[in-house]
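So the structure is just underneath, and the comments pick up after that.
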Amino acid sequence: MSALSKNRFTFDVLKQLPFECDSRLEQLSKLDFILSKLYIALTACNWVHILKWDNELDKWLQLGYRLPRKTHTTLVSIYYELAMSMNLTQLVDKHASARFRQLLDLPSCPDESCQGNVCTHCIDKRYLTVADLQLDWRLAFALLKKYFYPNQHYQSPVLPRFTCDAELIRAANAFFPAEETENVLNEVLPLFSLSHCEDAYIAIGMLSLLVPASPSSSDDFDLNPQTWLPTIFHLYNMLKKGDVCGTLLFDMFSRLAVGGLSDKYKYQFSEYGVFTQKQARTLFHYGLQLLHLSVRNGLSFTENTQSFAMEVAFDARGATVVSHLARWIVCSLSVKCEEAEDSILTLLDELFSLISQYFYPSVDGSNNVYLYQFLQELAYCFLERWTYENDEKVSIPKERRLTKFTKEKFVGILKPSMLYAIYSSAPYLSEMAQGALRALSILEPDVIVPCMLKRIYPALQSSLETHQTLISLESLITLAPIIAESKRYRPHIISLMELQLPGIDPNDSQKTRLVLHFVAVIAQCVSFCKIDENVDRNIFLQWLQMEIRNLDHTDYDNLTSKGDETVIDYDEIMSSAMNSFPEWMIRFEDRVFTLLENFPDGKDKKLIESYLLMALESLLKSMSDEWFNLALSRAANFVSTNVIHQSMDAVKGVCMAFSCVAPEKTWSALYPVISANIFFEIDENKAGLSRGSNADAILPRDRTLVWNLNILNTIIGSNATYFLRKEEELITLLDKLLRCRGFVSTLASSCMSQLVTRLISVFPTYSLKTQHLTTDEWGKPCKEGSFHMCWNIPFEQEIDLVVKVCNRYMMLCMDRLQHLIIDRKLTNATIEWVDEVNSYLERLGFMCSASAELFRIPDQEFVPESEYDEDNMYTADFEYVRSKSHCRWAITTQHRSIMDALRERLGSLLIELHRIMFDSVDSDVSILKNLVICENKFLSDYDYPVSLLSGRDYSNYLNPTLRYTNLLKFFDFVPQKQPYSAMLLSHNIYVNYQNHMCRSFLSRIPTSNERILIHNLTVPCCSQYEDIRRTACSALTDCVPFFRRIRLPVLQSLIGILKESKDVNVLQGAFEAIFFNPFLMNLVHRHWVFLSPFLSILIRLWSLDEPILRTIASDVFEYDMTTTVCYETYFPVYKHLYVPKVSSQSETERLRLWCRTEQQRQRDREAALKTRDEFVDLFPNAIGN
């Protein structure tokens, strides 16, 4: 039953990637190597190596590979013990807890019979159960005792450092064997004492966490929960009722209810689940008290008297009690509730008859959040269990399963409260009610949808009740997939879309966002194309009038009421309705154009832009070619005849939507006009040839050029192949753009960068539109067998064009910079000279980022630590696991030699420019800043365009995660193994591909030029100008992880500056360069050799009469140094009980690592003692404190 709430996604994403992943043998070979190293590090207690190989294991898992079951159980045991160990470093403790949770949520094949990268067994076999793995509850008990009773174990005033993670123990509870129940009770019950109230609550909390909830297959009477449940009820009755104790109680009972559904549970299971009638009624009484219902005198039924510390320690927040209460109720339902006069179902009905009045919109209680959450959790838990039982082979006996009668009765109980709850004026309460609406509509669409349509139509037709209109729009978004899937309700789509059009209003951002959201969701479910153009449109109009009349006169709130049972041809009605779609599309575009002309400003601007892009892309993707062409012609006319800078980003989103769906058609419609406008503005109006008062200012004469360049920047990426046979046209265009300065120059450089990047990038293709869905497929997810991902993979022709473009324009920029700075030696810099230098530096930076994928880091043999890492200095610099995405395409030797020569020259030029510009006291600040940015891109963008993919344009428009987040949540709980439409599935695969791209990274050995440039970045970190300092510190943080054996020299250089300099700006810059760089601070925390001088520097900074330095030093010491101690000086209580014995071949390596670890600890102890003596000398009066 541990699989009840697990992820059911079994689509093999790795098969759709544009490169071949590791074979199963290669996967297991890498895993075995990682685990052998991890086991050696664990037995040697070398925390640096443990973290290193834990990260490698995490990368292996992130690649989507499947764990063998035996390895899976071993790793869970290891990380459980590690997470329960005391005195670990913060980082190790955090990693152990995170990995333990991750492993519990991962599926694994029980017998390695699955051929693909995912396990296709039934869900009960995909996830670990107590039959596969048993964990020792005593480890958790020991940790809890040392946490709550520390003075009984330690006499020293300095206690060992450890954390107590109740949520982690609660997750491990599923693997505590039921046979240990008596032992748990014998250990915990003696701790219960009413003499000290805290002891009583601690004992209840321990029982909640430690009592096994897993079912036992034994018939032993002592293992029957009814032998010890009365004791638990008795203990609870002796305590003051409150949220903390109630949460712990229902947490334990909900897990018992889940375990009782298993076929291995051999004891009583009645209409009350595993409980008796008296116990069930008592629990409902407790639950009613914990819902915080407000009574007439303004008080609550309960008073929370427990301390906040207890709530935090046991993770017993008041809001979680309703989740446990809902799960206990749902998992106690069964077929036995049908015939029994009194059961869990009737008790639930009685409960809602008492609390339903509190869902009225007029009731505005401060504690209503518990009620609304309870409603949502009940609906979700029931849907979760219904899906689990009815979609796959599960181990629940038939006499304990849910039935259609139970489902109908359950929905009928919750429906009245839900219909009131959705109209709450509080947004967070209304959102919970919408979640309940969604779950109930999936369970019983014919019960919920008519009730909602009856309320939605009048609200959309009237403009008087604004709140009801907004709630109706939100409800339509929730119901959209259900309406599209049901043949009975899908004809309403066109009429509902028509009624929503007035909601696209520049003066009402909230309503506009909701309408666009509905369009996006419904377009994911249907295809807008002609079904049968010969069907008369009046058929739909006549049916709609009759349907509205039926909705008005039929009492759908009564479950027994029946509508008109006349046989209706809904396919014909849908065909008739679809014939009126072009008119709707024209009116929709008119509304969008009006929105663009009067685009809202302020905090809602970005939100509307993202929803507009999402709606248009989804809608255009679902339209037929004929209707798409009509929409494109109207959009092209609007874009080419208007210049509206207020909505520039939104218009780019519109163009992006058209370009993503049909790039060639969009290019043909827009490029001729856009290119002509660009040439006219530059040649005739002299636009873009000079800058304004600052680099970001847009002159009035530049506005039209900026508009057209933004449009070109948006569409050129998807159509870069247009220039493969038109190189002269491309050169003419780029030469023209090269003349631009100021803000226009940035746009021109971005266009060139987009062109180069997309020519050599791998991305999904949208040029050939997918086949439209038939009406029978509406609202249903894409079938796995019919889906095939198409990718754009660059060939030699594209690479050749990119190399030519890079060679021409990078050489041109370098020649100009050589002439302007090195050869001329200009002393009095003019504004024009500064602007020209900045434009060339900016273009070089863009070209470095765009051409990053032309440089490849070759596979490098992993070097064992003993050969290079005597003091654990470089352990993290050498990666082992690497995705094969770097093999997506190859580059010829000729092209590689050209690009290597360009990079060599650029590196030498940047070194020379850095020397000249930073040695001169008259250098312009903007040039210094752009030079640092260019150096950063030169160092960082190699094999993967890191800086380009973190830019603003990518974040807003190209990042698929941001574009589709608001859509995914409406499709992620459909009861299928693959719940997404083809478009959302493509997005999921593309995100996975980008994840593989990140995992293809390897830190590289720096060349001589790169080593000099990294060292040079420490100079601007200590600049007199704050803007340059921040830019350089950020650049240094970005660059350091990309190189091997570079962190130590950089740290030593900065510490040397801190020791020697007395200038406040230099000290502040050098200190921030260390402190805000996690890779350098990691070395400081890890080694007393660096920690000791760093502490001395902190004291020196604090002693200076400079407020900013004293503030920085005190903050760092208080918030960082006092909570982080050197790794190797810990004395952890870790016995590595579950680590497999290392092989005889690895024993030598283990001994060597253990010896090196002990030597390192000894050196750190000596350095720590030396530091202590220095502190005693500095603060002699502090010895007695």
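Below are the figures for this structure:
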item	result
Every residue from the range 915-940 that is closer than 21 Å to Lys804 by Cα and either of a type in the set (S, T, N, Q) or without any contact (Cβ under 8 Å) to a residue 60 or more places away in the chain (or both)	none
All positions within the range 901-914 that are open to solvent by 50 Å² or more (accessible area, probe 1.4 Å) and in contact (Cβ under 8 Å) with a residue 40 or more places away in the chain	Glu904, Arg905, Ser908, Glu912
Output for the range 483-513, where each listed residue is crowded, with 21+ Cβ neighbours inside 10 Å and touching a Gly at 6+ places or on another chain (Cβ under 9 Å)	Ile483, Ala484, Arg490, Thr512
Residue satisfying all of: in the range 785-804; in contact with a helix residue (DSSP H, G or I) (Cβ under 7 Å, 6 or more places away or on another chain) and aliphatic (A, V, I, L, M); nearest to Pro18 (Cα to Cα) among these	Met789
Filter pass, Thr10 being β-branched (Val, Ile, Thr) and within 29 Å of Ile989 (Cα to Cα)	yes
Any hit, the range 520-529, residues being farther than 30 Å from Asp604 by Cα, in contact (Cβ under 8 Å) with a residue 12 or more places away in the chain, open to solvent by less than 20 Å² (accessible area, probe 1.4 Å) and assigned to a helix (DSSP H, G or I)	no
Positions within the range 612-661 being aromatic (Phe, Trp, Tyr) and surrounded by fewer than 21 Cβ atoms within 10 Å (Cβ to Cβ), in sequence order	Trp627, Phe638
Subset of the range 392-410 that is part of a helix (DSSP H, G or I) and farther than 20 Å from Glu350 by Cα - its residue that is farthest from the chain's Cα centre (by Cα)	Glu399
Failed item in (1) crowded, with 19+ Cβ neighbours inside 10 Å; (2) part of a helix (DSSP H, G or I), with Tyr423 passing the rest	(2)
Residue within the range 457-465 that is assigned to a helix (DSSP H, G or I), surrounded by fewer than 21 Cβ atoms within 10 Å (Cβ to Cβ) and within 29 Å of the chain's Cα centre (by Cα) present	no
Where Arg758 falls short, out of the listed (1) charged (D, E, K, R); (2) out of contact with any Gly (no Cβ under 7 Å at 6 or more places or on another chain); (3) at pLDDT below 90	(2)
Any pair with Cβ under 9 angstrom, 6 or more apart, that starts in the range 790-817 at a residue that is over 16 Å from Glu853 (Cα atoms) and outside any helix (DSSP H, G or I) and ends at one that is modelled with pLDDT under 95 and among the charged types (D, E, K, R)	Trp791/Arg888
Residue match in the range 722-740 (condition: more than 19 Å from Trp667 (Cα to Cα) and open to solvent by 60 Å² or more (accessible area, probe 1.4 Å))	yes
Residue in the range 1148-1185 that is farthest from Ile1099 (Cα to Cα), counting only those that are polar (S, T, N, Q) and modelled with pLDDT of 80 or more	Thr1148
Which numbered condition Asp349 fails, given (1) under 21 Å from Gly287 (Cβ atoms); (2) in contact with an Asp or Glu (Cβ under 9 Å, 6 or more places away or on another chain); (3) assigned to a helix (DSSP H, G or I)	(2)
Filtered residue count, the range 1081-1104, keeping only those that are in a helix (DSSP H, G or I), over 23 Å from Glu1166 (Cβ atoms) and out of contact with any Lys or Arg (no Cβ under 6 Å at 6 or more places or on another chain)	2
Selection count, the range 1-44, where residues are assigned to a loop (DSSP other than H, G, I, E, B), touching a residue at least 40 places away in the same chain (Cβ under 8 Å) and out of contact with any Ser or Thr (no Cβ under 7 Å at 6 or more places or on another chain)	14
Test for Leu773: is it within 31 Å of the chain's Cα centre (by Cα) and part of a loop (DSSP other than H, G, I, E, B)	yes
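Quick grid of which residues meet (1) closer than 21 Å to Ile933 by Cα; (2) crowded, with 19+ Cβ neighbours inside 10 Å; (3) among the small types (Gly, Ala, Ser):
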residue	(1), (2), (3)
Asn992	no, no, no
Phe1001	no, yes, no
Asn1009	yes, yes, no
Leu1013	yes, yes, no
Cys1022	yes, yes, no
Arg1029	yes, yes, no
Ala1032	yes, yes, yes
Asp1038	yes, yes, no
Arg1045	no, no, no
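Results for (1) within 17 Å of Ala140 (Cβ to Cβ); (2) within 26 Å of the chain's Cα centre (by Cα), shown as yes or no for each residue.
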{"residue": "Thr71", "(1), (2)": "no, no"}
{"residue": "Thr74", "(1), (2)": "no, no"}
{"residue": "Ser77", "(1), (2)": "yes, no"}
{"residue": "Leu106", "(1), (2)": "no, yes"}
{"residue": "Pro110", "(1), (2)": "no, no"}
{"residue": "Thr120", "(1), (2)": "no, yes"}
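Yes or no, residue by residue, for (1) at negative phi; (2) touching a helix residue (DSSP H, G or I) at 6+ places or on another chain (Cβ under 6 Å); (3) part of a helix (DSSP H, G or I):
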{"site": "Glu179", "(1), (2), (3)": "yes, no, yes"}
{"site": "Asn183", "(1), (2), (3)": "yes, no, yes"}
{"site": "Val188", "(1), (2), (3)": "yes, yes, yes"}
{"site": "Ser195", "(1), (2), (3)": "yes, no, no"}
{"site": "Ala213", "(1), (2), (3)": "yes, yes, no"}
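The values are calculated or read from the model by the stated rules, or taken from the named source; none is laboratory data. Values in this document were obtained by computation on a predicted structure and should not be read as measured data. Using ideal geometry, Cβ is built from the backbone for each residue, glycine included, and neighbour counts are taken over all protein chains shown. All accessible areas refer to the heavy atoms of the entire protein, side chains included, with ligands and DNA or RNA removed. Shrake-Rupley method; radii C 1.70, N 1.55, O 1.52, S 1.80 Å.
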